[in-house]
Structure formats: structure tokens, C-alpha cells
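A short worksheet on the structure shown next.
Values quoted throughout were computed directly from the atomic coordinates according to the rules given, and no laboratory measurement underlies them. Keep in mind it's a predicted model, so treat the numbers as computed, not measured. Here the Cβ positions follow ideal geometry from the backbone for every residue, glycine too, while neighbour counts run over all protein chains shown.
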2 protein chains.
Amino acid sequence: MTSLAASAALIGDPARAAMLQALLPGEALTAGELARVAGIGAPAASAHLKALTEGGLVGVHAQGRHRYHRLAGEEVATALEALLALPAGGIRAPWPHGDALRRARLCWGHLAGQLGVGLHGAMAAQGWIAPAPGGWQATPSGEAALRDLGVDLGAARAAPRFACDCMDWSERRPHLAGGLAREVTAALLRRKWLVRPEAASERPLRRRLLLCTPEGARQLQGLGIAA
Amino acid sequence: MTSLAASAALIGDPARAAMLQALLPGEALTAGELARVAGIGAPAASAHLKALTEGGLVGVHAQGRHRYHRLAGEEVATALEALLALPAGGIRAPWPHGDALRRARLCWGHLAGQLGVGLHGAMAAQGWIAPAPGGWQATPSGEAALRDLGVDLGAARAAPRFACDCMDWSERRPHLAGGLAREVTAALLRRKWLVRPEAASERPLRRRLLLCTPEGARQLQGLGIAA
DNA sequence: ACGACGCTTCGTCGGGGGGTGAAGCGTCGC
DNA sequence: GCGACGCTTCACCCCCCGACGAAGCGTCGT
């Protein structure tokens, strides 16, 4: 079996693909979480994760009775994103976890989903951020606008990365990540433009759900972010 | 089935992967050629090609009783290259077609394989070529050196693309493509540094084999190309 | 020390997908 | 027009892979 076929076959199983997609944002997830994401039982998930690990696509880190899995490297994320960019039969498969999660959710503490991608585009379009080596920097006018929004730029700069792209698995386009993205998200939550649902379900994906308030929708639309 | 799993599963079959790999350089191949490359019968190849076409990975062009297949687009090549860059079990699978083909072969009329990749690196390292939008340009000193080699730069510039990168599937690194690469290869063949084997086998891959003469190995080594 | 919990391994089963051979269809060459 | 040729479709078979249940192992909480 050639290397190409082996790698692709590893990703090509629906359960493994769901796991990898869940790992794409960079978070490390436990075997149980990945089993629920993939919609399979623990034994099947264990077998899949073993295959992914032995295939060099996933790295494992044992911590107590949990085993945390993450993508093995940058090339793996690159390959997954390249595959996500393919037409795949021409029809975008419906995302099984509902529209709400696709609309807005947390990804490493920052906003992802339609709103995350929209926010990224709007910030770039309005000149709040400009490309910089390894990511983005804030422009002077952007700093002023962000401060008006209540963003703590000092906290944002304290993060290891100020602002960089993070592939959004539901939108297939990058949203903003890094300290800036986290602080912007925090500011939007403080302003109650976004809220976390009351009863966070036990399902890991649901725990990341964000809801956009009517006031938030109005304000974000005013900033040029498509509702 | 999510889009990721569907695309990857399409590539993940050994026969389909072999076909896609054969199409990676950009050449259009007939169903029969692809069947031989994949080592399967015509019916199986037909089914695989139908799946690849319906999946949007491959495009078809009927010409007489032949049906020519090529990769559907740039994104497909990108995805394949990203997958080829993965460790795939940590071990590079042995290339079943022998070392000779990996060492030097034709790819769209230009040199590929170890020598192709090495030539590309040497030309860049010695400042013969410099990055340009969409590919490479020849520097003044490079033009002189190339003319000394007997390269017809006029013919090279007449090609639709002068010089650009082409992913080398055996080396996993780019070699030089475009009009310049084709003319350089022609010059090396004229100088008998490279020769085509006497009896070109009927197997399509063997038809592209190039052999490096002792004189050629010496000369190329003098140019900084690893033997 | 005991049970609860997370995860893995083993054994077993079932379904789907890839393979071939035979047949059918359209195109090329004499 | 006839066979040769390239390719596709059809029917069929078989193997492999992924699912689950039960059991085992190690870790955490009390």
C-alpha cells in the first residue's frame, strides 16, 4: 500500500474523520469524547485511535485514567484542511450537530463558526487588523475600535500568539485565533452580544455552543458581519 | 458521511490512490493506462474512475475510443501533495517500480525524480533562477550559464509557463517544470548526460525512465547536484 | 480496600465494497 | 462492413473491516 493510500484510508473512515475534524482546532480530547463525537462505542473508538496513532496522524498523552489525543503535527492539519477544501461530490454534507453550533461556538476560548469567520473578515475589511509575519497585527485605528468594544488589548498581547488564523471546520474558512480573538470573544460575552446556554449539556460539542442575542445580532450587523 | 471522510475515502483505496498519483504531474491518461498503473483489470478501473469523477476529483475528456482522465483541479493536487507529506506509519513505503525510476524520469517532458529535485535545488542555490510571481525567472548570470549548457531560452520562453514548481511524487519535494525545465532536459539529452533506455517497455511508467550516463553524473555533480 | 470509572483487548458477527468474467456498446482500421 | 480495440455495465463472489458485548487492566474517589 502506497503512502498516499495509507494516509487517505486512515482519514477516509467516517468515524476517524469525525475524530480528526474534532481535533482540527488543536484541542486535545479524550478517547471518550472522541467516541461520542464519532457516534460510536468505546471499543470501536479505541481501535480507531490506535490506528490513527500508529499511522502517525494523532499523538497521545496519558494523564491519569484519561488519554488525551491531539493531531500529530502541522502537516496533518494541513492535509485535513486540503481535503476539506475538496468538492466531495459537489454537495456539502449537512453538519449533523445542528445549525446553532455551526453559527457560533467556542474554539480554544475564541469565537468560531459563521460569526467567527464573519468577524475575521469584517476586522480585516475594516482595517482593524493587517497581515503580519506569522499572523495578524492590530492597526492604530483597529486598536481604538477594539478598545471601544471593551477589548483588553494588554491581555491579548500577553498570549503566546496575538492573532493568527485557525481553520473553521464548519465554514471551511479561517477564523481569528490567538490572544486577540480570545479577548474579543470575552468582550462580546461581557456585552451580552453572545451568551452561553444556561444548561450546558454533557455532550462535549454542546458545551462549546454560543448563542447570539438579538442585541448582539444588531450590533454585529452594524460592524458588517453577516447575520 | 462528512465531506472529509468522503474525499479521503475516495483517495484511500490503493487502486484509486495509484491512479491519482499517476495523474499528479498533470498529464491526462487513458482508462487503460490507469488500470495498468493501478494493477487491476479494466472493469475495476472503470468503476474507480467513475467514482473519482462523480466525486469531483478527476475530469474526463472523451476522444475517439479513448477516455482521457486528469485531476479535476488545483485543489485536488494540493490535497494529494498534503497527504503525500504525511508520515503514513512513519515508514516510507518502498516504491514498487524500482530505484531507477525514482532516480530520473520524464514528467511532461521535463526531468523528475532525484535528479530533477536536485537540479531544481542547484539552480536556485547557484542563483540561476530567482522566485517570481507564479514561479521562477532566470537571472542574468543564470541565463549565461544555461546558454553554456546548450539550453534554448527562446523556446523556453515560448511555453505557456516559463518555470514553476511541480511536486515530485517519489521525492515529495518540488522539481522544476515549465518551458525552461523542458529545454534544460532536452539539452541534457542532447549532451548525452541523460539517455532514454533503448527498448522502451510497453508499461507507461517505464516509458518515462531516464538513465544518467557516467559522464552526465560527473558533470551534474560538478554543478552541485547530489548523485 | 472497595467500587466507580476510563480505556483497552478479545471474540464474534454482519454488511459493504472491491475484484473478476462475460456481455454490450461505440470507435477505429483494413 | 467487418473484426479489433477501448471502455463500460452487469452479475456474482468473497474477503475485509468496522461494529458491538464481554472481560480485563489501571486509576481515581471515599
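Here are a few things to note about the model shown:
- Exposure proxy order (Cβ contacts within 10 Å, fewest to most) of B:Thr185, B:Thr30: B:Thr30, B:Thr185
- Label point of B:Ala158 (7 Å along Cα→beta-carbon): distances to the other copies' equivalent points are 6.7 nm, sorted ascending.
- Model label sites at B:Arg161 and A:Ala122, defined 7 Å from Cα along the beta-carbon direction, differ in position by 3.9 nm.
- Lys/Arg +1, Asp/Glu -1 at C-beta; segment B:3-84 dipole; positive extreme among B:Ala18, B:Leu4, B:Ala82: B:Ala18
- Remark: mean inter-chain Cβ contacts per residue of A:49-56 equal 2, using a 10 Å Cβ-Cβ cutoff to other protein chain atoms.
- Shielding by partners for peptide B:13-19, expressed as the average number of C-beta atoms from other protein chains within 10 Å of each residue's C-beta, is 4.
- Label-point spacing for A:Val60 across the identical copies (point 7 Å from Cα in the Cβ direction), in nm and ascending order: 4.4.
- Cα gyration tensor shape for segment B:3-84, rounded if a/c is under 1.5, else prolate or oblate: prolate
- Neighbour counts of other Cβ atoms within 10 Å put B:Glu27, A:Glu54 in the fewest-to-most order A:Glu54, B:Glu27.
- By other beta-carbon atoms within 10 Å, ranking A:Asp148, B:Asp13, B:Asp165 with the fewest at the front produces A:Asp148, B:Asp165, B:Asp13.
- Across the identical copies, the label point of B:Pro131 (7 Å from Cα in the Cβ direction) is separated from its matches by 1.1 nm, in order from shortest.
- Ordering of A:156-164, A:32-40 by burial proxy (mean other Cβ atoms within 10 Å per residue, highest first): A:32-40, A:156-164
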